[in-house]
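Before any comments, here is the structure.
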Amino acid sequence: MSVVDEKLTQLGIVLPAVPKPVAAYVPYVEAGGLVYVSGQLPSRDGKVLYSGSVPKAMDISTAREAARLATLNALAVVREAVNADWNRVIRMVRLGVFVQSDPGFDQQPQVANGASDLLLSIFGDAGRHARAAVGAAALPLNAVVEVELIAQIKPI
Amino acid sequence: MSVVDEKLTQLGIVLPAVPKPVAAYVPYVEAGGLVYVSGQLPSRDGKVLYSGSVPKAMDISTAREAARLATLNALAVVREAVNADWNRVIRMVRLGVFVQSDPGFDQQPQVANGASDLLLSIFGDAGRHARAAVGAAALPLNAVVEVELIAQIKPI
Amino acid sequence: MSVVDEKLTQLGIVLPAVPKPVAAYVPYVEAGGLVYVSGQLPSRDGKVLYSGSVPKAMDISTAREAARLATLNALAVVREAVNADWNRVIRMVRLGVFVQSDPGFDQQPQVANGASDLLLSIFGDAGRHARAAVGAAALPLNAVVEVELIAQIKPI
């Protein structure tokens, strides 16, 4: 069992099944040693669990949970990309977090930390990543966040 | 004639001239085997043909046409990057689609499919891509969509 | 002294200290010869100097200054990534510029030119980059712009 599998168990995290893309694209593409993961929503079993904007529809703390859930979906995709062999994951590279924001809301970083903290807790130093957190006027399926991830892996 | 050229002919698609950047940047940069295409608008001959937000200014079906047109512009840039030799294109990697959205509009994926479906119809499996579709409050020249593309190519 | 150092001196530019990330991530990650710089704000000494939306809070010319300042922060990060050896920088690759925009504002490219022009003036041809400029409903710390950068460097 890899260190990451142990960490997931220790944290009580069970990764979900890879979410089906909501349209005509694929969950990830690998190119040049990088895995580009498609934008992930805070969904489980195909149903968005956190919808609306911050702070009107939910507070920061709840939106942070949503960012964590979307990131779990992104990690499920990474696991598929490495055929469940976490030893092939070199590191997280870049996280993009879009937060559905009411005008005047400017704490996107606090929301995005739900994604960042998860990566750090699972991968340690290899989980440190570059990040852009941005406010969006609207998001697919009215999700409160959308998370995009690039991870570096060892080619087979 | 490459397979892609044949496909374009078969689909009745004539790629436009490479749109001039609307400001101080270049249409693409190649680095590490990837072509980064600048954000493309639904324009022809320098004029944006689809402007405003969804659904106020246009319906989903029309916005989808706009996404297709912006993607044709992106492909014109890719063609320039490979000096019109489509055999050098390995695959599409990542598509970013920003949709100018009214508050509450959450069907960005349906709009973005105008871009995705075009890539699939031209490149087949090599057209499958990772994607992020996001709602934007406002876009350059009041365009309804902006499309960003990363493609993998063979170095010369 | 490298050509870039000379150019910076000639332009009277002193790069700031690397801004501390405002949350749980790192200023940059290097992978596959590319440096991914985290989203940078128009801040100095940890304080955002340009806040609000365009054109309500400020005009295009002022927002352009903000884009320039955020890009100086991004370049401070690149300098750290190459350990102050600018000869290791091959070229700029991709610039993402989010502009906090009031509905109907569509001149994000003019704002983003504050970032692009700076890169060109410092790096010359190596400063030419692909770019996406997008309107955002809201940004971290109420910043008027957020700038994301990818640069290509020589591995050690």
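Every number in this text was worked out from the coordinates using simple rules, so none of it is lab data. No experiment lies behind these values; they were computed from the predicted model shown. For neighbour counting, all protein chains shown are included, and Cβ atoms are generated from backbone atoms with ideal geometry for every residue, glycine included.
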- Degrees between helix A:60-81 axis and first principal axis of chain A (Cα, 0 to 90, nearest 10): 30
- Task: Give the residues of region B:1-25 whose amide nitrogen is closer than 15 Å to a point set 7 Å from the Cα of residue B:87 in the direction of its Cβ.
- Result: B:1-6
- Message: What does the charge count around residue C:146 come to, taking other residues whose C-beta lies under 12 Å from its C-beta (Lys +1, Arg +1, Asp -1, Glu -1)?
- Response: -1
- Enumerate the residues in region A:120-156 having an amide nitrogen under 14 Å from the point lying 7 Å beyond the Cα of residue A:11 toward its Cβ. A:120-129
- Query: Over chain A, what is the relative contact order in whole percent, taking alpha-carbon pairs under 8 Å and six or more residues apart?
  - Reply: 33
- When DSSP assigns beta bridges and you keep just the ones with both residues in the protein assembly as shown, what percent turn out antiparallel, to the nearest 5? 75
- Euclidean distance of C-alpha centroids, region A:23-95 and region C:74-145, integer Å: 26
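A 22 angstrom limit on the alpha carbon distance is what I want to check against. Which of B:7/B:154; C:7/C:154; A:56/C:47; A:154/C:154; A:20/A:154 exceed it?
A:56/C:47; A:20/A:154
May I ask for the percentage of alpha-carbon pairs in the protein assembly as shown that lie more than 33 Å from each other?
Working: 32413 of 109278 pairs.
Tail of P(r) above 33 Å: 30 percent of Cα pairs.
Give, in whole angstrom and from largest to smallest, the semi-axes √(5λ) of the equivalent ellipsoid of region B:5-156, with λ running over the eigenvalues of the Cα gyration tensor.
Values: eigenvalues 122, 50, 41 Å².
Its equivalent ellipsoid spans semi-axes of 25, 16, 14 Å.
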- Item | Residues whose placed amide H lies under 5 Å from that of residue A:49, excluding near-sequence neighbours | A:43, A:44
- Rounded tilt (10° steps) of C:108-123 against the dominant C-alpha axis of chain C: 20
- Could you pull the copy-to-copy label distances for residue A:85, with points set 7 Å along Cα to Cβ, in nm to one decimal and sorted shortest first? 3.4, 3.4
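Is it possible to state the helix-based mean residue ellipticity at 222 nm for the protein assembly as shown, with each DSSP H run of 4+ residues giving -39500 (n - 2.57), the sum divided by total residues, to the nearest 500 deg cm²/dmol? What is it? Walk me through the intermediate numbers first.
Values: 9 runs with 138 residues, N = 468.
After summing the helix terms and dividing by the residues of the protein assembly as shown, the value is -9500 deg cm²/dmol.
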- When chain A is turned about an axis onto chain C, which of its residues keeps its C-beta closest to that axis, and how many Å is it? A:137, 2
- Taking every DSSP beta bridge that has both residues in chain C, what percent is antiparallel when rounded to the nearest 5? 70
- Give, as a single signed number, the net charge of other residues whose beta carbon lies under 13 Å from the beta carbon of residue B:155, with Lys and Arg counted +1 and Asp and Glu -1. 0
- Query: Copy-to-copy spacing for residue B:3, label 7 Å out on the Cα-to-C-beta vector, in nm, shortest first?
  - Reply: 4.1, 4.1
